[in-house]
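Here is the structure we will look at, set down as structure tokens.
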Amino acid sequence: MKNLCAFIIFFLVFVSVAKGQTGELLDSLKSSYISEKTDIRLPSKTDLLQRSAMVSPIGEWDIIKSAQTIPGVSSGSEGSSSFYVRGGDKGNNMMFLDGVRIYGAGHLFGLSAAVPQDIVSSAQFYSGNFVGAHTNMLSSVIDVKTIDGDFNKPQTSFSISTFSAGGGVSVPIMKNRLSVMAYTRVSPFGREYNFVSGLFSDFGLDLPKSMESQPMELFVKATWLTLKKMRVSLSCFNTRDDYKLLYQINKWDQFGWRNQVTNLFVSSNDFGDWTFTGNVSINNFSNWRRQFHYPFTDDDMVSVESCLNERTITVQIENNKSRFCHALGGKLSSAFPRSFLGNLWYHIYGALGKISLSSTFRGSCFVPDYSSNAVPFLDPEIVLSAIYNVDKNLTLNLSADYLSQYYHVVEGFPMGWSMDFYIPASDTTRPEHSFQVSGGMSLNRGRHSASFTGYYKKYQNLVYFTDEKGFFNQDVKNDVSNTLLAGEGRSYGLEMKYTYKSQRMSVDWNYTLSRSIRRFDGISDDDWYPARFDRPHILNLNMEYTLKSAGSIKYGLTGFFTLQSGHNESIRTGIVEVILPWKKEGLYDYYGNVVNNYRMPTVIRLDIGTCFQWKKGKCSHCLNIGIYNILNRYNPSFIFFDQNYGEWKTISLFPIMPTFNYKITI
């Protein structure tokens with residue numbers, strides 16, 4: 001039993017090698033979904049908090065894990081926090097925290113999002129119908145609002161889950177006027193690994209001998225409510241993921257990333273029918289990877305580091321008390337040395353009888369280097385949507401958008417690690433653009449609701465990193481842009497979902513049928529090829545059932561099933577026999593110029609859990625217990641060729657594992 005428990009814990013930390021799998025693969029299905037609310041302004045908005053009871057590898061609810069279950073979203077490697085929306089790349093998605101972009105969104109080896117559950121007040125997901133402040137992205141937005149401290153009484157909370165522990169405190173400085181709160185979360189990840197790693201020495205895996213890790217988050221916020229309908233908040237958000245792995249004596253491999261965000265937010269309703277909002281933020285993001293010996297000189301150390309220091313000012317005024325509401329806003333940010341991005345937008349929305357209309361017009365200007373003669377990029381952007389309410393049970397919707405993105409993102413690892421390079425647009429790597437059109441219908445009848453949405457999306461100036469295998473070695477110097485190719489992408493699909501809700505039970509089902517393809521000059525013979533995380537079929541079923549809800553006691557069951565097509569990998573296309581003057585004749589692998597030519601095996605996973613909520617005295621308790629991947633299926637994340645055995649093998653990261661989360665609030 002001891003070995004079994006250690007075995008489960010180890011798999012959470014690192015990898016297991018499944019048996020080599022070759023042969024024909026059948027496309028299958030995967031997950032997607034949460035539930036959506038239709039809104040005059042934002043018909044595609046999805047509330048991520050509606051799935052706060054879902055089972056996750058770290059035990060607690062996770063923003064990105066919820067987003068991965070939405071129609072049109074393809075997850076990255078199994079169990080990771082990377083995701084891809086309607087054919088876009090990982091870097092085409094954006095996460096906002098109180099209006100500030102979070103660049104290092106992954107945490108804890110990519111198992112979870114950097115934003116912990118206990119500081120989240122609301123979390124909305126957008127795959128279309130973006131608002132004016134959603135700038136510099138092409139695919140999706142996760143818009144997170146944080147909680148305020150309690151204005152009436154002190155409050156303390158503590159939580160512990162499978163791989164982390166956290167605690168928070170809230171204190172009212174001036175009753176109903178000023179409050180201060182703080183929350184922190186840490187993880188003993190390295191200690192857990194070191195405790196069990198010795199049990200796997202007989203498995204033949206090339207594992208680190210020891211690990212040092214320092215994953216943590218700290219969030220502090222002060223909120224002031226003035227007498228003149230004004231709200232002012234000052235917050236600081238700091239995350240750090242730092243991992244040091246020892247493979248040989250005095251030989252270390254270190255990598256990590258860090259977010260440091262300071263944000264001053266102001267909103268006021270003291271202008272008649274108009275509302276003013278604005279914020280000033282300082283956002284520092286950095287990541288690094290180093291390989292070195294002890295004691296070492298400069299020749300014994302290889303280091304790749306990236307940093308992005310962003311300063312942003314955003315203002316908006318809005319009139320939402322007329323038949324047609326208006327919003328006018330602007331944003332100015334400087335992220336790279338001697339460069340800045342400016343945006344101005346106008347948003348109008350309202351209803352004409354049974355028709356609800358919404359449109360956003362935005363002008364964007366990006367200056368790559370204002371100290372030189374670099375020509376600025378000027379681009380118009382537009383978002384349009386219309387909803388026709390046929391009757392109380394049937395609505396039709398149509399939307400279109402044209403967007404621009406001025407930061408190219410070179411993905412370091414598809415596990416949700418925030419090890420990406422951000423490269424500003426230039427004459428050689430021009431801004432990325434997307435055009436999207438979608439339409440569909442929604443049906444509602446009693447406890448049942450269903451929707452059908454079709455979309456087509458086109459991308460321009462996507463980037464392809466030609467030296468992916470050498471991303472973190474000494475061959476990659478300061479200018480990564482020399483190894484980038486610009487190309488185009490297309491995605492089209494059909495998203496279907498069905499929801500049933502009763503007093504005790506909630507059922508969500510959805511299915512996504514889609515294709516995502518790419519084309520770059522010099523790649524795959526200049527022909528179209530499937531994107532790496534093009535999953536033609538994505539199916540998901542989520543269920544929640546309340547067993548008892550009486551007084552201060554509530555408990556129930558949850559279940560989540562997902563079936564999805566495997567992602568694509570590039571493997572050799574054959575073996576050739578060659579004779580070279582300086583070598584003996586032999587057989588050599590031939591990869592050719594074909595990319596993503598092998599579809600990985602189908603992904604199937606079933607998660608089950610139970611949740612308990614009760615209150616005793618002044619203490620509120622919440623306990624979630626679950627089993628992730630109860631079928632113990634080795635869903636493949638990667639594939640490699642084992643030279644010793646002469647066969648392809650897959651690497652699977654997440655077998656069956658128990659999860660838990662307990663929280664007490666006083």
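The values are calculated or read from the model by the stated rules, or taken from the named source; none is laboratory data. These numbers were taken from a predicted model, which means no experiment stands behind them. Don't worry about glycine lacking a Cβ; one is built from the backbone with ideal geometry, like all the others, and counts go over all protein chains shown. Accessible surface is based on the protein model in full, side chains and every heavy atom, while ligands, DNA and RNA are left aside. Shrake-Rupley method; radii C 1.70, N 1.55, O 1.52, S 1.80 Å.
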Using label points projected 7 Å from each Cα along Cα→Cβ, tell me how many nm separate LYS618 and ASN644, to one decimal.
-> 6.1
Starting from the Cα gyration tensor of the stretch 37-184, take the square roots of the eigenvalues, sort them a ≥ b ≥ c, and report rounded, prolate or oblate (rounded when a/c is under 1.5, otherwise prolate if a/b is larger than b/c, else oblate).
-> oblate
Which value, in debye to the nearest 20, gives the size of the charge dipole of the stretch 128-196 about its Cα centre, when Lys and Arg are +1 and Asp and Glu are -1 at the Cβ?
-> 220
Inter-label distance, nm, simple model (7 Å from Cα along the C-beta direction), LEU344/GLN254 = 4.8
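By how many nm would the segment from PHE195 to SER267 lengthen if fully extended, with 0.36 nm per residue of separation less the alpha-carbon distance?
21.0 nm
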Along the charge dipole of the stretch 347-430, Cβ charges K/R +1 and D/E -1, which of ALA400, ILE382, TYR349 sits furthest on the positive end?
-> TYR349
Which length gain, in nm to one decimal place, applies between VAL390 and PHE660 when the Cα-Cα distance is subtracted from 0.36 nm times their residue separation?
-> 92.6 nm
Approximate spin-label separation LEU227-ASN309, in nm, with each point projected 7 Å along Cα-to-Cβ = 4.2
If the chain between LEU557 and GLN214 were fully stretched, how many nm would it gain, using 0.36 nm times the residue separation less the Cα-Cα distance?
-> 120.1 nm
When you count, for each residue, the other Cβ atoms within 10 Å and take the mean per peptide, how do 629-637, 306-314 rank with the highest first?
-> 629-637, 306-314
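My understanding is that a pair violates if its Cα-Cα distance is over 32 Å; which of LYS175/LYS663; LYS321/LYS458; LYS145/LYS321; LYS65/LYS244; LYS458/LYS649; LYS65/LYS501 do that in this structure?
Flagged as over cut-off: LYS321/LYS458; LYS458/LYS649.
What is the local net charge at LYS145, summed over the other residues whose Cβ is closer than 14 Å to its Cβ (Lys, Arg +1; Asp, Glu -1)?
Around LYS145, the charge tally is -2.
Would you list TYR555, TYR500, TYR455 from the most to the least accessible area, probe 1.4 Å? Intermediate results must be reported in sequence, preceding the final value.
Details: TYR555 75, TYR500 45, TYR455 15 Å².
Final ranking, largest accessible area leading: TYR555, TYR500, TYR455.
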